1. How large, in Å, is region 101-181 by the Kirkwood hydrodynamic radius built from its alpha-carbon pairs?
2. Can you give me the distance in nm between label points at ARG238 and VAL407, each placed 7 Å from the Cα along the Cα-to-Cβ direction?
3. Show me 272-284, 350-362, 106-118 ranked by packing, highest mean number of other Cβ atoms within 10 Å first.
4. Can you give me the long-range amide H partners of GLU184? Hydrogens built in the peptide plane at 1.01 Å from N, cutoff under 5 Å, separation of 5 or more residues or another chain.
5. Figure the gain on full extension for ALA95 and PHE334 (residue separation times 0.36 nm, minus the Cα-Cα span) and round it to one decimal in nm.
6. Report the gain in length on full extension from HIS430 to MET29: 0.36 nm times residue separation, minus Cα-Cα distance, nm rounded to one decimal.
Amino acid sequence: MGRDGLRLPSTVALLDGSLGAWTREELGMRPEQLFPSVRFGLEAALLAALADARGQPMGQLLAPALATAVPGGAAPPHVPTRRVAAVRTSALLPAVSSPEEAVTALDAALARGYDAFKLKVGRGEGKSAARADGAAAAAAATAAARHGMLRMVRVDANQRWSTEEYAAFTEGVGDASELLEFVEEPLSWQPLISALLIEGSDIEEGEGGSALKRQDNGAECSMQLPLALDERACQTLRNAHDAVEATREVAALVASTGAAAVVLKPSAVGGMESAAAAARGAAAAGARAVFSAAFESRTGVAAIAALAQAIDAGAAADCEKKVPTAHGLGTGSFLDETPLWGTSAQPLESAVGGAGQGVHITTAAIESHLHGLPPGDDGAVRPVPLATPPAATFEMAVGAGGADCIVAHDYGEPPKAAGGASTPLVLLLHGFLGDANDWRATAVALAPEARVVA
């Protein structure tokens with residue numbers, strides 16, 4: 001693909017380091033120095049443009065890059081992968097304080113069609129709170145099992161527990177341990193495996209996880225709680241210099257921790273290429289990759305769904321025997337994007353059938369959300385003139401009642417363009433949790449030479 005002398009070769013879709021090299025050589029940017037979310041947005045836009053130019057869905061374009069990102073091996077990239085029409089998603093359940101609340105939250109997600117669930121835990125402090133989290137997780141997993149959904153509840157502690165608190169959590173889970181899919185990042189600082197190295201315990205290695213054996217009232221009991229990586233993998237990827245190193249380091253991390261899964265947020269780990277490299281590393285060490293969103297817009301989630309679709313294509317043969325992976329992309333209910341997309345726009349997620357039949361993101365939904373906003377009401381965007389740079393601020397109300405807004409700063413046409421000469425347009429994107437003011441100094445410096453929007 002090329003235009004105005006800038007060519008984007010098809011090989012960048014292999015996500016093997018060639019996309020980062022192209023960005024460095026052709027755009028003059030060092031991708032490793034970009035905010036992770038900015039790099040994700042840039043890479044997603046480039047890959048979407050390449051897929052569009054080639055006339056194929058983005059998930060199909062990326063399938064060769066992820067053909068080997070399946071535990072146990074898969075067809076090499078030169079062997080055509082099977083197309084996957086939709087990506088299965090899991091619901092994100094809010095943190096709860098009791099088993100009853102956990103079941104209520106799961107039932108609500110079930111009614112919306114979901115058949116896989118992620119429960120946030122670790123919001124309280126101390127062993128009693130962790131034990132209560134275990135009881136809530138057990139209640140949710142048991143409720144899901146009653147609907148025939150075994151190992152369809154995963155929990156995420158965001159590294160909030162000490163080893164003693166994690167032990168209390170496992171006590172709260174009790175016999176329901178076999179019903180949980182995995183526990184994501186339970187510990188605050190120790191190597192993941194040290195969660196099992198508590199006083200009076202010993203460890204037994206097993207497939208896909210590690211078993212904790214304890215003496216309870218003189219009787220020995222054993223629990224198998226598969227573990228998943230998230231924050232540790234993210235930090236590993238941010239420290240990697242290129243895709244090859246990222247694959248190697250993630251494989252080593254998985255091997256050293258015994259993790260059964262690696263949860264990957266492309267906007268946090270540093271882009272599409274880093275996420276794909278991590279998925280290949282996870283598979284090399286026997287873990288599966290689960291792609292996840294971090295409350296991006298529909299366009300951002302659609303790009304992540306394309307990655308998920310690509311890795312699911314590599315696992316298509318396995319999917320005939322097993323339930324496809326539920327990727328953590330069910331965050332849409334937390335954001336109101338109606339002011340951007342309109343009430344008539346196709347939703348990103350759609351239920352397959354009735355309650356508990358599954359919620360998917362289809363190829364059609366991915367493609368429609370990757371290629372820009374639909375025509376909308378220009379009146380939703382209101383210009384706010386300013387006396388000093390930037391020349392104007394544009395605001396679009398979003399959220400319930402328009403309480404929040406998306407803000408863009410326009411620094412206007414540079415003086416030299418007054419005669420009608422063509423000037424470059426520079427779009428500056430801030431990182432996660434940033435805003436347009438992050439770019440003020442840079443934008444003021446560029447404004448005499450270009451039209452700058454931040």
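Bear in mind that the values in this text are calculations on the coordinates, not laboratory data. The model shown is predicted, which means the values in this text are computed figures rather than measured ones. As a convention, Cβ positions derive from the backbone with ideal geometry for all residues, glycine included, and neighbour counts pool all protein chains shown.
1. Details: mean 1/r = 0.0805 Å⁻¹.
Value: 12.4 Å, from the Cα pair sum.
2. My value for the distance between the label points is 2.5 nm.
3. 272-284, 106-118, 350-362
4. VAL155, ASP156, ALA157, ALA228
5. Difference between extended and current length: 84.7 nm.
6. Numbers: separation 401, 0.36 × 401 = 144.36 nm, distance 1.54 nm.
Additional length available on full extension: 142.8 nm.
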